[in-house]
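The values are calculated or read from the model by the stated rules, or taken from the named source; none is laboratory data. All values reported here derive from a predicted model rather than from experimental measurement. For neighbour counting, all protein chains shown are included, and Cβ atoms are generated from backbone atoms with ideal geometry for every residue, glycine included. All accessible areas refer to the heavy atoms of the entire protein, side chains included, with ligands and DNA or RNA removed. Shrake-Rupley method; radii C 1.70, N 1.55, O 1.52, S 1.80 Å.
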Amino acid sequence: MIDLSASGLMSFINLAYFFAAVMFMFGLKAMSTPARARRGIVWAGFGMLLATIVTFFHPAIDDNFLLIVVALLLGAGTAWHFARSVQINDMPQMIALYNAMGGGAAACIAIIELTRTGLSGDLLQGLAVIGGLLGSIAFTGSMLAYLKLRGTLQRVPRYSNLQVINVGLLLIALLIALILSFSANSHPALLFIFFLFALISGILITLPVGSSDMPVIISLFNAMAGLAVGLEGVALENPAMMVAGVVVGASGWMLTSLMARAMNRPIANILFSDSAFFKQVETGADTPDSTLAHKSVWDQVSEEALSIDAHDAAADLAFAERVVVVPGYGMALSHAQQKLWELTELLERRGVKVSFAIHPVAGRMPGHMNVLLAEAGVPYEKIVDIDDINAEFSSVDVVLVVGANDIVNPAARDDADSSIYGMPILDVDKASHVIVVKRGQGTGFSGIENSLFVAVNCRLLYGDAQKMVQSLISEVREIQ
Amino acid sequence: MESLFAFYVVMLAAFAGYEVISRVPTVLHTPLMSGSNFIHGIVVVGAMVVLGQAESTLQLVAGFLAVMMAAANAVGGYIVTERMLEMFRANVDEDEEYSQDS
């Protein structure tokens, strides 16, 4: 900063951007191993802070200084407040929300770039247009995902041929993109239609996606927003944005395919299948008194399913040799993880061997259960993977399923007509006894009835997960 | 020539991003998604620059929104990721080898 000429300043800023990019890379790498993950985000955080501070001295900023500061404080302050106050359980939708913000910011940059006087009409301009398209799709798409996960949007209007409309919209948007890319004049009307179509397209992509596929679609939008940021970075000739955006775009894509693979669902299936969506709309979520509301097919199933009370369930657990706990979203919802760990410790003191089996997509996000169990203090070695445990279920005495449904549904394995057929499940039905702690008699996220519940070796323990686990704890204590 | 240089950067960055993530345990999928979500918050620097040059009302509004949303992306993304990873710390400290066998 000794040399205050514009070019000297610029090379100083670019050097800072370079360090920020290095920090992002190392941060991301660290975040992909559990032991160093936390260090990773701190490094990346320093990179971001450095890049933001030096940008205040950017020679291209010649006006609106106050506006910049106000906008920064407003955005940062609101996000700070929400991110701090939100429950750890609601983290998945917060990722969607902040992802929407990033995509929206990239789209806004594209708007400014394309309404400048004296457009170049070259390849760089084309990249700004494509970045605007991706950013807009990521914006509305993630926003809708946020609303859906939050439960604000429970009933969504249905349209047939949704995908056809969507492909049509996207084609028109791409056509306009071509015109916008290589034109030296700005076309306000075309620009408006272009962004409008891109925004609608994001909504149409997300509408039919079943909630159990939400993590994958959010990850996809994350990759899109990243790529949009990278492309705007190229257009603005900003190396920090270029590198960080493209790295996120590529790693986000990788993460998306890893998640899709964990669910055994090709990404194209998730984007273009309506089945999960329609079923979900019809049956709704797992509500306590859904049986009172309407009589439907699965009421017969629930009449056949046998229930158990906490007293008998506790005895079953206390005298078992080996118990496997399978947590699901129900555990997250009622914050039962702490109690569950208390129950585990109690059982272990009696000599019962207890482990936790985590399905890759249990809960609302991959790793959701791991995070919650870690919060409760469950050590890593007690947590087993789907592949390791599935071979051993036949030697397990009691499986305690806490608020999980689709991930233990044998239909995914046995019934080729089921819409979740092919998804890997935990084969809990192979254990001698299965006790399912369940809030109500509804179906799981996919809206499919669960043949596990009517199995001869399965008993249902109805009630809120935390309350039920608490009663199990007191009942097990009684036994001693 | 200079725009071609950008393409080299983009190509290498894409490759690096892909490689960095390729072997990651399921446990970290969500925090990692959140972390990369935070990293594209770098859009804030571009947003600041374009708002600094904005002239028309449309540009001012778009620029203001861009900076605001980008700042929310960065700050919110950081806190969410940090809060998630916070939960791994207690366990991980005593078990450093975990990273090898996962």
For segment A:328-374, name all the residues that are farther than 26 Å from A:G440 by Cα, assigned to a helix (DSSP H, G or I) and charged (D, E, K, R). A:E345, A:E348, A:R349
Some residue of segment B:23-36 being within 7 Å of another protein chain (Cβ to nearest Cβ) and under 14 Å from A:A106 (Cα atoms): no
Does A:Y146 fit the bill of being within 28 Å of the chain's Cα centre (by Cα) and more than 9 Å from chain B (Cβ to nearest Cβ)? yes
Would you point out the residue of segment A:28-42, among those that are facing chain B (nearest Cβ under 7 Å) and open to solvent by less than 10 Å² (accessible area, probe 1.4 Å), that is nearest to A:Y380 (Cα to Cα)? A:P34
Residues of segment A:43-70 classified as within 36 Å of the chain's Cα centre (by Cα), at the interface with chain B (Cβ under 7 Å from one of its Cβ atoms) and either within 28 Å of A:M31 (Cβ to Cβ) or open to solvent by 30 Å² or more (accessible area, probe 1.4 Å) (or both), total: 7
Does A:V70 satisfy the criteria of being among the β-branched types (V, I, T), at pLDDT 95 or above and either in the same structural domain as A:V371 (by TED's automatic domain parsing) or part of a helix (DSSP H, G or I) (or both)? yes
Taking segment B:61-101 and keeping only residues that are open to solvent by 50 Å² or more (accessible area, probe 1.4 Å), modelled with pLDDT under 95 and not acidic (D, E), one is left with B:R89, B:A90, B:Q100
I'm trying to understand the selection: among the residues of segment A:214-237, which are open to solvent by 10 Å² or more (accessible area, probe 1.4 Å) and facing chain B (nearest Cβ under 7 Å)? A:L236
Suppose we filter segment A:99-115 for residues that are within 26 Å of the chain's Cα centre (by Cα) and either open to solvent by 10 Å² or more (accessible area, probe 1.4 Å) or more than 7 Å from chain B (Cβ to nearest Cβ) (or both); how many remain? 5
Reported set for segment A:387-406 where residues are at pLDDT 85 or above, open to solvent by less than 30 Å² (accessible area, probe 1.4 Å) and not in a strand (DSSP E or B) is A:I389, A:F393, A:V396, A:G403, A:A404
Does segment A:217-236 contain any residue that is touching a Gly at 6+ places or on another chain (Cβ under 7 Å) and among the acidic types (D, E)? yes
Per the filter on segment A:334-371, residues closer than 24 Å to A:R477 by Cβ, crowded, with 22+ Cβ neighbours inside 10 Å and touching a residue at least 60 places away in the same chain (Cβ under 8 Å) are A:A336, A:K339, A:L340, A:L343, A:L347
Taking segment A:453-480, which residues are crowded, with 22+ Cβ neighbours inside 10 Å and at pLDDT below 85? A:F453
Scanning for something more than 10 Å from chain B (Cβ to nearest Cβ) and not hydroxyl-bearing (S, T, Y), does segment A:250-262 turn up at least one residue? yes
